[in-house]
């Protein structure tokens, strides 16, 4: 068992490195930079052992893994943190866009107007002043907010 571990130690380290990197990418989306760095350092150490650049002893390999983890973390911290924090800002597609209704009170810029539709209280907002009694149309939908514009006859 010990002999098999020592002969295949570099392959085991590479396999563990690939596993750590895959877990980091799939489960955490590169938000844990240290796990990705640890996985890369395991892979690099295993390759260095396979090509004979470093000894296959556990002490040397653990030292190299530790040093490489620190170096890779220092180099990749900012890029991987940005990669883990990327978000998409897309407009919400909704069947409410195009819905028309009449407002009872004036809707001024920066003010909200409550509008009940399908049992839900929405906040109607406009980018221009709209007088009471005007017909408005929903142009954009956000969470709890209907952006409306006056319908020109």
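The values are calculated or read from the model by the stated rules, or taken from the named source; none is laboratory data. Since the structure is predicted, the reported quantities are computational estimates derived from the model, not experimental observations. Positions of Cβ are generated from backbone atoms using ideal geometry, with glycine treated the same way; all protein chains shown enter the neighbour counts.
Computed values, structure above
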item	result
Selection within the stretch 102-112 - surrounded by 13 or more Cβ atoms within 10 Å (Cβ to Cβ) and under 13 Å from residue 138 (Cα atoms)	103
Subset of the stretch 59-69 [closer than 16 Å to residue 17 by Cβ and either touching a helix residue (DSSP H, G or I) at 6+ places or on another chain (Cβ under 6 Å) or loosely packed, with under 13 Cβ neighbours inside 10 Å (or both)]	61, 62, 64, 65, 67, 68, 69
Within the stretch 78-90, considering residues that are farther than 18 Å from residue 42 by Cβ and part of a helix (DSSP H, G or I), the one modelled with the lowest pLDDT	84
Members of the stretch 18-54 found to be under 15 Å from residue 67 (Cα atoms) and part of a loop (DSSP other than H, G, I, E, B), listed by number	54
Total residues in the stretch 95-110, condition farther than 13 Å from residue 149 by Cα and at pLDDT 85 or above	2
